[in-house]
Amino acid sequence: MLSTEKQVIAFKPADGKEKIREGVTNRGVGGLALEARNDRVAKAWIYRYRINGKQFELQLGTYPGMTLAEARQAHREAVKVVEKGLDPRKQRASEKACNLTSWTMQYAFERWIEAYEQTPGRNKQPPTTKTVSQQRGRWRRHLAPRLADFYVRDVTRRLIIEVLEQASQKAKVEARHSLNLLRQLLRYCQKREQIDVNPTDGLTPSDIAASASAPRQRFLSLPELRQLWQAIDDTRADNEGKATTAVLSIPVANALKLLILTGCRRSEVAFMRWDEIKKTEWTIPAERAKSRREHKVHLSPLSLELLAEQRQLAADEFVFTSTQSTGKPIHPDSLSTTIARLQGRARKEHDDRAPLYHLEHFTTHDLRRTFSTQVTEVLMAEPLLVEMMLAHAPPKLMGTYNRAPRWQSQVDVWQRWSEVIATQVPQDFHSKTTGMANYIDTDSEFGTDSNMKDRMKQSANKNHQNSALPTIVTFLDIEASGLKQPYSYPIEIGWVDTLGNSDAFLIRPHPEWSYWDESAESLHGITRQQLMTEGISIQEAVKRLEEKLDVETVFCDALSYDTFWLRRLFQAVKKEPSFQLADIYQLYDGMDTKQIIKMTNLLNKTSVPHRAQADAKRYAEAYCATIND
């Protein structure tokens, strides 16, 4: 009997013998042998066994490819199969057949990505070419090096975590996207019976050290926008549109300004085409929109002025043509690079001589957030209306029952935002608006609009008469468990009037009110436990509002949300409020331009506390300072 590695090495047929076979010890388990032949270098590990009284042989492997220890392990496993009454030869054949029909991860990915390209998503449209390309890139960079050659059935949860943790060390965002890719890929395999259980089920970004960081909150104040606009003007190229490393090309400069004026995405602006523009309307086709829905944008006189300059430079189909390549549009990345360069952040070594180096870091996407924040705060535009202007999908319930686009209201916001920009840029206001009015008077390809013309001329006249403004006004603010409707609910209400009266209280949630958004908690700092211990009952909250708010109209800064939350509070006790909410913007109707700008500046100078009474007090103080000036 052979029992050591040395004996196995020395084992060979004697002279004159063709082959020799000798038993091998294996912890008392019999049937293992080693066979050597004169005409072969390799020696065969043989297992002899009986099933139903018949003797069979199975070659387990060959030496030295399979060591003595490995042969013993394979032998013990084969013995267990026999003990179950199964033939290990047939089992091996079955495994071989299974391997022939099993997919490798690389093969599975190729099949899945082909199906992914054709499958509509939540927006009922297939993914864009860019999205598909990004998925291929993630597979190639982060996943394929470790997973491509594995059979799908052999990919374990532990392996996936190891691969994604490694990706997370390079880029957390890419690791999260890679997790989603694997989840979809393995779900595809599961449906095609390559695996019984998806190993990514229940796996979260925190499990791979890729938890999402806090959402970016950066937006530019009006003074910062003024500095950005001035920096764009100061670094513009000459009229030939040529750019060096020190200056911006005219197309890039004008595209950046259009981003500020419209709040559109950088790719939407960069690839803007002349045939998408009709008079004062720009229609972004569905195939170019991230939402895959056609989207309309109003072009204000200031926007049209930028396009008029571009018309003189661009004779091709694209509005913003590259100065480096005839007939091609500027690349969206060039806008991001320009913003980084103006801040001295385009390279690893920062340039403290850059015109905007002193500002807190911001990106091109932060300009979109700036538009959203400023038109909501400065112009008191309804948040849901702004969401429509940004081409965001509405909340599911509202998207189902309310499909009114409210186009004229959107036009009004874009128009008033343009007027704010026109009054804030560091140029003489009168000459600027006069120039725009003259431009509109011409018979341009964009057409004319008498209402728009009148409005711009009225804005240029700062001394127009304003109607009487009320001196006693009540401002109310509501903090909520989140923004998601119909599940969110009020958790704090505060109000302040211009006489100095005020009240505020936390509200203990109704037993059926369970929705809680942690991102909302991070803003207002109110915990659900705090509501349970410090909040008053819904009945008491309604009673305090009714007793202390002895007015017909109360002003708020988010009419649609605040109306929903107030109504939910009163409906919980089956009552109707004795007062009505009104949009703060209605107060602007009685102000002249100087007062509007003053109140806007006062609000911009104070941070948003995100606590109900403090937010209401912020508006009351700004209003009092404005009308008493």
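Answer yes if at least one residue in the stretch 562-569 is within 20 Å of residue 383 (Cα to Cα) and basic (Lys, Arg), and no otherwise.
yes
Output the residue which, of all residues in the stretch 268-288 that are in contact with an Asp or Glu (Cβ under 7 Å, 6 or more places away or on another chain) and part of a loop (DSSP other than H, G, I, E, B), is farthest from residue 321 (Cα to Cα).
Checking each candidate, the answer is 280.
Which residue pairs have Cβ atoms closer than 6 Å, lie 6 or more positions apart in sequence or on different chains, and pair a first residue in the stretch 46-57 that is open to solvent by 90 Å² or more (accessible area, probe 1.4 Å) with a second residue that is assigned to a strand (DSSP E or B)?
48/57
Could you grab me the full set of residues in the stretch 588-625 that are more than 21 Å from residue 526 (Cα to Cα) and at pLDDT 90 or above?
619, 620, 621, 622, 623, 624, 625
Is there any pair linking a residue in the stretch 311-337 that is at pLDDT 80 or above to one that is open to solvent by 60 Å² or more (accessible area, probe 1.4 Å), with Cβ under 6 Å and at least six apart or on different chains, and which?
Partner pairs satisfying both residue conditions: 317/273; 318/273; 322/328; 329/271; 332/266; 335/266.
Matching residues to (1) at pLDDT 90 or above; (2) over 32 Å from the mean Cα position of the chain (by Cα):
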position	(1), (2)
446	no, yes
461	no, yes
470	no, yes
479	yes, no
482	no, no
492	yes, no
498	yes, yes
503	yes, yes
552	no, yes
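Give just the number: which of (1) under 24 Å from residue 422 (Cα atoms); (2) open to solvent by less than 10 Å² (accessible area, probe 1.4 Å) does residue 289 not satisfy?
Result: residue 289 fails condition (1) only.
The values are calculated or read from the model by the stated rules, or taken from the named source; none is laboratory data. Quick caveat: nothing in here was measured; it's all calculated off a predicted structure. Virtual Cβ from ideal backbone geometry, glycine too; neighbours counted across all protein chains shown. We work out accessible area using only protein heavy atoms, side chains counted, and drop any ligands, DNA or RNA first. Shrake-Rupley method; radii C 1.70, N 1.55, O 1.52, S 1.80 Å.
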